[in-house]
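S.K.: Below you'll find the structure I mean.
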Number of protein chains: 2
Amino acid sequence: MAPQVTVDSINPKVIECQYAVRGEIVILAQKLQQEIQAKPEAYPFQEILYCNVGNPQSLGQKSITFFREVLALCDHPAILAKSETQALFSSDSIERARKILDQIPGRATGAYSHSQGIKGLRDTIAAAIEARDGFPADPNDIFMTDGASPAVHMMMQLLIRSEKDGILCPIPQYPLYSASIALHGGTLVPYYLDEATGWGLEVSELKKQLQEAKSNGITVRALVVINPGNPTGQVLAEENQKAIVEFCKEEGLVLLADEVYQENVYVPEKKFHSFKKVARSMGYGEKDIHLVSFQSVSKGYYGECGKRGGYMEVTGFGADVREHIYKLASVNLCSNITGQILASLVMSPPKVGDKSYESYIAERDGILSSLARRAKTLEDAFNKLEGITCNKAEGAMYLFPRINLPKKAIKAAEEVKTAPDLFYCRRLLNETGIVFVPGSGFGQVPGTWHFRCTILPQEEKIPAIVTRLTDFHKRFMDEFRD
Amino acid sequence: MAPQVTVDSINPKVIECQYAVRGEIVILAQKLQQEIQAKPEAYPFQEILYCNVGNPQSLGQKSITFFREVLALCDHPAILAKSETQALFSSDSIERARKILDQIPGRATGAYSHSQGIKGLRDTIAAAIEARDGFPADPNDIFMTDGASPAVHMMMQLLIRSEKDGILCPIPQYPLYSASIALHGGTLVPYYLDEATGWGLEVSELKKQLQEAKSNGITVRALVVINPGNPTGQVLAEENQKAIVEFCKEEGLVLLADEVYQENVYVPEKKFHSFKKVARSMGYGEKDIHLVSFQSVSKGYYGECGKRGGYMEVTGFGADVREHIYKLASVNLCSNITGQILASLVMSPPKVGDKSYESYIAERDGILSSLARRAKTLEDAFNKLEGITCNKAEGAMYLFPRINLPKKAIKAAEEVKTAPDLFYCRRLLNETGIVFVPGSGFGQVPGTWHFRCTILPQEEKIPAIVTRLTDFHKRFMDEFRD
């Protein structure tokens with residue numbers, strides 16, 4: 001018999017799942033890159049400028065020295081006692097590595113850990129959350145995961161029973177959410193962020209969408225909020241967060257708080273507040289609201305995407321439900337220990353008086369202030385382009401400009417059976433080597449067009465991006481202007 | 001409104017999912033350990049002897065020096081050029097780290113990689129598979145994963161559409177399979193390994209179970225084979241493997257080959273053959289059979305469970321199906337880079353002439369020969385116990401002895417509403433501190449009772465385990481003998 005597995009016979013949920021961040025445009029970019037390597041004069045540009053993924057170190061961002069020192073020492077503890085190690089490593093990294101190894105049963109960094117992660121590291125993280133929020137955090141509420149994505153999947157797996165279960169998600173959203181909901185067979189219930197008010201999140205919109213979903217027979221189980229926003233870059237105001245918490249409490253919804261960009265805030269008038277802090281400051285405790293906060297080592301100023309570290313803090317569930325979350329974690333045994341160690345480090349970096357403190361602060365602030373400058377430069381550049389408006393990049397790593405495409409361009413796109421935003425992004429890539437992700441991958445108000453651009457290319461490359469983009473956009477408009 | 005998520009309203013597939021390896025007995029063991037720490041005289045033993053999980057380094061197994069040297073250098077490449085590094089690290093580990101860094105775009109070990117894993121590392125792995133099997137391997141067929149578990153989930157997610165889709169699984173089986181099938185809503189179609197012939201895998205049994213499933217309206221999509229076996233420790237003969245390949249080809253089934261114990265073979269008369277080698281040696285290529293092989297850095301002589309590295313080699317699927325597998329991999333972005341590097345290292349360890357070669361071989365063979373001795377000692381000890389029979393541990397890391405429980409013991413177990421094998425294991429743990437996993441977690445012929453015991457406690461602890469087990473078993477039989 002011939003092999004039986006064809007596209008017609010695989011899980012339709014897999015077919016339905018879309019993940020634009022690594023979709024068509026990226027595959028085209030990789031193809032162009034190979035062609036350029038083989039034949040540098042093949043295109044009018046010599047390199048691909050990846051502005052599609054929040055992957056800072058792939059674009060030259062340096063890792064934080066202290067973090068990497070500790071990881072290296074934990075990987076090869078045999079050198080801890082050697083005199084040469086004193087010359088190669090900072091004294092506080094040696095101290096920290098020893099402390100971490102002492103927290104690991106048998107000092108075995110090569111062993112599976114507790115399925116929630118090494119207890120001592122969870123203690124460190126809980127203490128850091130407490131210090132951040134001013135409210136208690138319990139290490140038993142921490143589930144360490146290989147980046148935030150598996151944590152999101154775990155919660156979707158727990159909550160979604162069928163297509164009758166809905167999850168309220170922002171539009172635009174990070175496509176992990178739509179992908180995960182599709183894979184688990186649930187229904188994405190969209191709520192629109194208001195572009196006119198800087199991608200504001202209006203509780204009236206949440207209520208409206210919840211009612212509409214209910215009237216369609218959907219049981220809404222959770223609300224996803226991404227703060228700071230991906231792809232929108234907005235940072236929620238505390239008052240707004242309070243209203244969101246109140247809404248979740250009133251409706252009995254799980255609040256899934258994607259807080260992976262908590263260290264990425266670039267404007268002095270905004271500040272990150274965790275939803276747990278907001279809920280607790282309103283007097284709401286364990287019994288009042290289901291609240292899950294996601295954090296990752298991939299973002300922040302550290303950008304350690306490849307290490308796949310992260311955690312979720314799970315509060316407000318009964319002990320019996322918690323047991324099932326634990327079981328889900330245990331089926332994969334545990335998350336990777338290097339990522340676990342790194343998650344404890346980013347939550348507990350060097351402190352005043354530590355040997356590495358000053359160099360650490362210099363590295364951290366160098367990255368964060370450069371990101372803020374890049375965000376501003378790109379935002380200004382977008383806003384100078386005909387038909388493009390771009391909101392302020394208050395936080396995260398992205399801009400999500402809106403492009404008012406001429407009718408002629410939309411028609412040209414339709415003729416090649418392509419979404420207009422994809423049409424624009426494909427042309428941009430082919431002519432300049434710049435990689436944006438079309439807005440359709442994130443969702444947008446029907447009839448509007450956007451694209452996502454990261455602020456991550458190294459600062460010296462930004463002027464070239466601006467020039468190439470500006471020239472391209474002018475040509476594009478000259479060709480298609482109505 | 002009160003929080004709405006209760007056990008009655010979570011995904012019933014999650015409730016149904018069982019994962020015995022980290023189940024009740026292990027939770028009890030952790031509780032006893034805490035009690036002993038607080039009050040050493042609380043129990044007639046001073047330590048918990050974990051024989052429940054294949055987690056070698058948690059029990060004192062040392063990591064392989066060369067592997068850890070390379071990982072440390074890749075984590076902190078800044079020290080590569082320092083003179084002290086020459087004194088601390090072997091010269092070939094420095095060389096290898098440089099080579100690996102050159103294979104990583106931008107030398108960025110902190111960046112997300114290609115969703116299948118870093119291309120250069122997949123090249124290394126494909127070359128190693130080719131050298132192992134004598135047949136070509138394609139780096140584009142390799143999907144690197146955080147251990148083998150996520151790879152198994154990915155294939156289940158791809159293949160299972162509803163409870164009408166079945167997966168043929170050995171009984172006894174590693175509970176990851178039953179857990180993953182339950183989570184994805186499919187049906188486990190059991191086939192029984194024949195304990196009387198050393199846990200033999202009979203194709204007649206496969207055919208029988210396939211027919212029965214078909215007559216129940218189940219579409220069987222894949223066959224899981226674990227070789228060397230977990231929990232049974234058997235190593236399949238090549239002729240047997242050929243018959244299995246033929247069966248899968250004839251029936252159009254995907255062969256899911258769990259080959260994570262490929263380096264764990266302890267008897268000279270048996271040898272590991274990959275299913276891909278067997279299929280190719282029969283003349284079957286891409287067009288003839290869907291074949292997926294799972295490998296992990298957690299097993300072998302290296303036992304690097306905490307690093308969560310592994311890969312699957314996916315062959316025989318059309319390009320369109322492959323695209324969907326790629327999409328599933330891309331939703332989680334990539335597996336952790338440390339695990340990816342380690343996976344390349346275990347598949348390509350130091351070679352003759354390399355500086356570390358001799359010390360590496362000494363470490364490797366020291367571990368493997370000790371494991372073989374431990375397996376034999378435990379096997380012999382079990383076979384001396386009244387009513388216990390234990391098959392030969394040919395490979396993997398486990399023994400799965402059968403215990404002929406007296407009727408009185410079964411009755412006593414029933415009185416406390418406990419499965420008889422769990423009853424035995426709980427008593428054993430409470431009286432000796434030894435942790436076995438009851439056979440019911442792996443599946444067993446109804447009316448037979450077993451437990452799984454790893455061969456992983458350090459060699460000097462084995463005599464104490466044997467003595468404590470023997471004394472306990474005598475007491476148990478004296479109490480319950482019919």
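S.K.: Give me the three principal axis extents of region B:371-426 from the C-alpha atoms, as integers in angstrom, largest value leading.
M.R.: If we take the Cα atoms of region B:371-426, the spans are 40, 20, 13 Å.
S.K.: Which of rounded, prolate or oblate describes region B:1-100 when judged by the alpha-carbon gyration tensor and an a/c cut-off of 1.5? Provide the component values of the computation, followed by the final result.
M.R.: Details: a/c = 3.11, a/b = 1.70, b/c = 1.83.
Taking the square roots of the gyration eigenvalues as a ≥ b ≥ c, region B:1-100 is oblate.
S.K.: Under 18 Å Cα to Cα from residue B:119, which lysines show up? Leave out anything in the same chain fewer than 8 places away.
M.R.: Excluding near neighbours in sequence, the set is A:31, A:307, B:99, B:327.
S.K.: Still on this structure: Based on alpha-carbon centroids, what's the gap between region B:126-141 and region B:290-319 in Å, whole number please?
M.R.: Cα centres, region B:126-141 to region B:290-319: 13 Å.
S.K.: Could you give me the ³J(HN,Hα) list for region A:421-436, computed from phi with Karplus coefficients 6.51, -1.76, 1.60 and θ = phi - 60°, whole Hz, x at Gly and Pro?
M.R.: 5, 5, 4, 5, 5, 5, 4, 4, 5, 5, 9, 10, x, 7, 10, 10
S.K.: How far apart, in nm, are two points set 7 Å out from the Cα along the Cα-to-Cβ line at residue B:246 and at residue B:383?
M.R.: It works out to 3.2 nm between the two label points.
S.K.: Can you bin region B:156-232 into rounded, prolate or oblate? Criterion: square roots of the alpha carbon gyration tensor eigenvalues sorted a ≥ b ≥ c, rounded for a/c under 1.5, prolate for a/b above b/c, oblate for the rest. Please report the intermediate quantities before stating the final value.
M.R.: Numbers: a/c = 2.62, a/b = 1.37, b/c = 1.91.
It comes out oblate by the Cα gyration axes.
S.K.: By per-residue mean of other Cβ atoms within 10 Å, what is the highest-first order of B:92-98, A:342-348, B:190-196? Write out the running numbers ahead of the final one.
M.R.: Numbers: B:92-98: 21.1, A:342-348: 24.4, B:190-196: 17.6.
The peptides rank, most packed first, as A:342-348, B:92-98, B:190-196.
S.K.: How big is region B:403-482 in terms of Cα radius of gyration and Dmax, in angstroms?
M.R.: Values for region B:403-482 (Cα only, Rg and Dmax): 12.8, 38 Å.
S.K.: Still on this structure, I have one more. Can you give the average number of partner chain beta-carbon atoms within 10 Å of each beta-carbon in peptide B:102-109, as a whole number?
M.R.: On the way: counts 0, 0, 2, 2, 5, 1, 12, 7.
The mean count of partner-chain Cβ atoms within 10 Å per residue comes to 4.
S.K.: Please give the contour-minus-distance gain from residue B:123 to residue B:78: 0.36 nm per residue of separation, less the Cα-Cα distance, rounded to one decimal in nm. Let's see the in-between values first.
M.R.: On the way: separation 45, 0.36 × 45 = 16.20 nm, distance 2.55 nm.
Computed gain between residue B:123 and residue B:78 is 13.7 nm.
S.K.: Just round it to a whole percent: the fraction of Cα-Cα distances in the protein assembly as shown exceeding 51 Å.
M.R.: Numbers: 83272 of 464166 pairs.
The answer is 18 percent, as a whole percent.
S.K.: Determine by what factor the alpha-carbon radius of gyration of region B:212-308 differs from 2.2 N^0.38 Å, reporting the quotient. Don't skip to the answer; put the middle values down first.
M.R.: Details: Rg = 14.7 Å, N = 97, 2.2 N^0.38 = 12.5 Å.
Against the empirical 2.2 N^0.38 Å value, I get 1.17 for region B:212-308.
S.K.: For residue A:62, which aspartates and glutamates qualify as cross-link partners when the Cα separation must be under 19 Å and same-chain residues fewer than eight apart are set aside?
M.R.: A:263, A:304, A:358, A:363, A:365, A:459, A:460, B:75, B:102
S.K.: Quick check: from the Cα gyration tensor, does chain A come out rounded (a/c under 1.5), prolate or oblate?
M.R.: Details: a/c = 1.59, a/b = 1.21, b/c = 1.31.
Oblate shape, in that a/c is at least 1.5 and b/c is the bigger or equal ratio.
S.K.: Moving on. May I ask for the distance between the Cα centers of region B:419-464 and region B:399-416, given as a whole number of Å?
M.R.: For region B:419-464 versus region B:399-416, the Cα centre distance is 12 Å.
S.K.: Report, ordered by chain and residue number, the aspartates and glutamates lying within cross-link reach of residue B:407, taken as a straight Cα distance under 15 Å and ignoring same-chain residues fewer than 8 apart.
M.R.: Straight-distance partners of residue B:407: B:386, B:415, B:421, B:478, B:479, B:482.
S.K.: While we're on this one: Just for region B:112-347, what percent of DSSP beta bridges are antiparallel, to the closest 5?
M.R.: On the way: 11 of 30 bridges.
Rounded to the nearest five, the antiparallel share is 35 percent.
S.K.: Order of B:207-216, A:445-454 by packing, highest average Cβ count within 10 Å first?
M.R.: Ranked from most to least packed, the peptides come out as A:445-454, B:207-216.
S.K.: Could you order the peptides B:45-52, A:182-189 from most to least packed, using the average number of other C-beta atoms within 10 Å per residue? Mind dumping the intermediate values first?
M.R.: Numbers: B:45-52: 19.5, A:182-189: 22.6.
Taking the mean over residues of other Cβ atoms within 10 Å, the ranking is A:182-189, B:45-52.
S.K.: For residue B:28 and residue B:373, calculate 0.36 nm times their separation in residues minus their Cα-Cα distance, and state this gained length in nm to one decimal.
M.R.: Details: separation 345, 0.36 × 345 = 124.20 nm, distance 2.94 nm.
Working it through step by step, the gained length comes to 121.3 nm.
S.K.: I need the inter-copy label distances for residue A:194: point set 7 Å along Cα to C-beta, values in nm with one decimal, smallest first.
M.R.: With the label placed 7 Å along Cα→Cβ, residue A:194 yields 7.4 nm.
S.K.: Averaged over its residues, how many other protein chain Cβ atoms are within 10 Å of peptide A:333-346's Cβ atoms?
M.R.: Mean shielding by partner chains, rounded to a whole number: 5.
S.K.: Related question: Grab the DSSP H runs of chain A that are 4 residues or longer, score each as -39,500 (n - 2.57), total them, divide by all residues and round the 222 nm result to the nearest 500 deg cm²/dmol.
M.R.: Helix contribution divided over all residues of chain A: -13500 deg cm²/dmol.
S.K.: Non-local amide H neighbours of residue A:171 (under 5 Å, H modeled in plane, Pro and chain starts lacking H): which ones?
M.R.: Those qualifying (amide H under 5 Å, at least 5 residues apart or on another chain) are A:191, A:192, A:193.
S.K.: Continuing with this model, one more query. So, with +1 on the Cβ of K and R and -1 on the Cβ of D and E, and no other charges, what is the size of the charge dipole of the protein assembly as shown about its Cα centre, to the nearest 20 debye?
M.R.: Working: 108 positive and 116 negative charges, 39 e Å.
Around 180 debye, computed over the protein assembly as shown.
S.K.: Hey, another quick one. Determine the distance separating the Cα centre of region A:183-261 from the Cα centre of region B:150-191; give it in Å without decimals.
M.R.: The two parts, judged by their Cα centres, are 34 Å apart.
S.K.: While we're on this one: Quick one: dipole size for region A:165-281, taken about the Cα centre, charges +1 on Lys/Arg Cβ and -1 on Asp/Glu Cβ, in debye to the nearest 20. Walk me through the numbers before you get to the answer.
M.R.: Working: 11 positive and 15 negative charges, 64 e Å.
Dipole of region A:165-281, to the nearest 20 debye: 300 debye.
S.K.: Please compute, for peptide B:322-330, the average count of beta-carbon atoms on other protein chains lying within 10 Å of each residue's beta-carbon. Each step should come with its number before you reach the end.
M.R.: On the way: counts 0, 2, 6, 2, 3, 9, 6, 2, 6.
Mean shielding by partner chains, rounded to a whole number: 4.
Here, each number is a calculation from the coordinates, and none is a lab measurement. Here the structure is a predicted model, which means the values were calculated and not measured. A quick note on method: Cβ atoms are made from the backbone with ideal geometry, for glycine too, and the neighbour counts reach across all protein chains shown.
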